[in-house]
Amino acid sequence: MTTQEWMTAAIWAITPTLLVGVIFVFVFRAVLRADRSERHARAEAEAVERARFEREYGSAPHSADASARADASARGDGAGDAPADRPDGAHRLV
């Protein structure tokens, strides 16, 4: 096998992997951009709804459970993160 044949075989061997990698990068990039756009749109919608609520009722809604969780999170003691305290049963990963 000559050097040219060897290089041609090597290029043909690596081409599918490179193409799949490039396609993966573009798909993953599109997914991340879509997620960022969705989060931005949701934040805008929530801001509009919060402003409407404050206009109609005077202040933003606060639940006692959410306040307790926010206080515990600010302290960093992890209180309120137990699965029994969370309605979805999720665990804190951090």
Enumeration of residues in region 34-84 that are at pLDDT 60 or above and not in a helix (DSSP H, G or I): Gly58, Ser59, Ala60, Pro61, His62, Gly76
In region 1-19, residue nearest to the chain's Cα centre (by Cα) [restricted to those that are part of a helix (DSSP H, G or I) and surrounded by fewer than 10 Cβ atoms within 10 Å (Cβ to Cβ)]: Thr17
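The values are calculated or read from the model by the stated rules, or taken from the named source; none is laboratory data. Computed from a predicted model, the values in this text were never measured in an experiment. Positions of Cβ are generated from backbone atoms using ideal geometry, with glycine treated the same way; all protein chains shown enter the neighbour counts.
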